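Written out below as structure tokens is the structure these notes cover.
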Amino acid sequence: MQHGPAVRRRKLGAELRALRAGAGLTSGEAARLVGWHQSKVSRIETGASGVKPADVRLLLDVYAVHDPHLRELLLVLAGSDDQGGRHHWSHAYRGVLPPAYRDFISLESQAGGMRTLETSVVPGLLQTPEYARAVTRAAVGGPDAGDDRLEALVQVRLARQDVLHEEPPLELSAVLDEAVLRREVGGPGVMTRQLDRLLQEAALPQVRLQVLPFAAGAHIGVTGPFVIFSFSSTSDLDVVVLDHLTSSLYLERKEDLQAYAEAFDALQIHALSPEDSLDYIAGIRDGA
């Protein structure tokens, strides 16, 4: 179990090590080709030290890695703000985003798939502006929260939603506990419009939405929400994210990934089907 930056270094190092081996190079040979000492390559590959995006580009060139998606993903893990020449929108909000949130956005923007269990609030990628504002206000200090910071955080949450509409889009599978749908956030009108938004987004082919009704009883998700990010370029970069009040924890061990993947599969089995879930959401919206 690691915090975000440590996980990113370890995953980046492991991937670079695999790419070097695939290129048929020893760490010493790779170091000579880029003009470094062998110990620098070793520190990068073990995650013992960070690495600049420019250095990652050098190594990828030496290893003849030309896949643009994989290059971009590895540059994100190295902390690149422009992501291979494309200015990332979150850079404008660095002053208001905690490091853990920036790490989360980086992973989300590069992931091919996202599986999430939510037990309290609607997933950020599916929130309306009004709902996002109410949730964010509660999270950052209630009615006394500064308007400028509040609005900036809301804009970040809304900008994140672009990943569902890019090409290729993020594949989102979400299981929502019924409490998410019945908790009145922002008032009745806000909730009605939020439930309408869920019905609208669930119609997208890249979104699979399921409801876990109260009638399902106790389930494996009662321990709390989680997110699983999957990457199309390599499964070695998959990661589980657990949010806490003051920080986020990232699980990267294969046994942890397998346990959470199996837990999500079990939740999907116990949840209503996507079709029945839409009917259930519509029923709650209509006062059932």
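The condition (being modelled with pLDDT of 75 or more and under 19 Å from LEU170 (Cβ atoms)) is satisfied by just one residue among ARG253, ARG208: ARG208. Taking the criterion of being in contact with a helix residue (DSSP H, G or I) (Cβ under 8 Å, 6 or more places away or on another chain), touching a residue at least 40 places away in the same chain (Cβ under 8 Å), under 24 Å from THR128 (Cβ atoms) and open to solvent by 40 Å² or more (accessible area, probe 1.4 Å), would at least one residue in the stretch 200-219 satisfy it? Looking through the stretch 200-219, at least one residue is in contact with a helix residue (DSSP H, G or I) (Cβ under 8 Å, 6 or more places away or on another chain), touching a residue at least 40 places away in the same chain (Cβ under 8 Å), under 24 Å from THR128 (Cβ atoms) and open to solvent by 40 Å² or more (accessible area, probe 1.4 Å). Condition first: closer than 26 Å to ALA159 by Cα, touching a strand residue (DSSP E or B) at 6+ places or on another chain (Cβ under 7 Å) and either acidic (Asp, Glu) or without any contact (Cβ under 8 Å) to a residue 60 or more places away in the chain (or both). Can you find one or more residues in the stretch 224-239 that meet it? Yes, the conditions are met somewhere in the stretch 224-239.
Residues checked against (1) surrounded by 14 or more Cβ atoms within 10 Å (Cβ to Cβ); (2) within 18 Å of ILE105 (Cβ to Cβ); (3) at pLDDT 95 or above; (4) hydroxyl-bearing (Ser, Thr, Tyr):
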| position | (1), (2), (3), (4) |
| --- | --- |
| SER120 | no, no, no, yes |
| THR128 | yes, no, yes, yes |
| TYR131 | yes, no, yes, yes |
| THR136 | yes, yes, no, yes |
| GLY141 | no, no, no, no |
| ASP148 | no, no, no, no |
| LEU172 | yes, yes, yes, no |
| VAL180 | yes, no, yes, no |
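For the stretch 18-26, the count of residues that are modelled with pLDDT of 90 or more, on the phi < 0 side of the Ramachandran plot, in contact with an Asp or Glu (Cβ under 6 Å, 6 or more places away or on another chain) and surrounded by fewer than 19 Cβ atoms within 10 Å (Cβ to Cβ) is zero.
Among helices (runs of 4 or more DSSP H) entirely within the stretch 136-211, having at least 1 residues that are outside the structural domain of TYR260 (by the TED database) singles out no element at all. Taken together, the criteria place SER277 among residues that are small (Gly, Ala, Ser) and buried (at least 20 other Cβ atoms within 10 Å of the Cβ).
The values are calculated or read from the model by the stated rules, or taken from the named source; none is laboratory data. Just so we're clear, the structure is a prediction, and the values are computed from it rather than from any experiment. Backbone-built Cβ (ideal geometry, glycine too); neighbour counts: all protein chains shown. Accessible surface areas use protein heavy atoms only, side chains included; no ligands, DNA or RNA. Shrake-Rupley method; radii C 1.70, N 1.55, O 1.52, S 1.80 Å.
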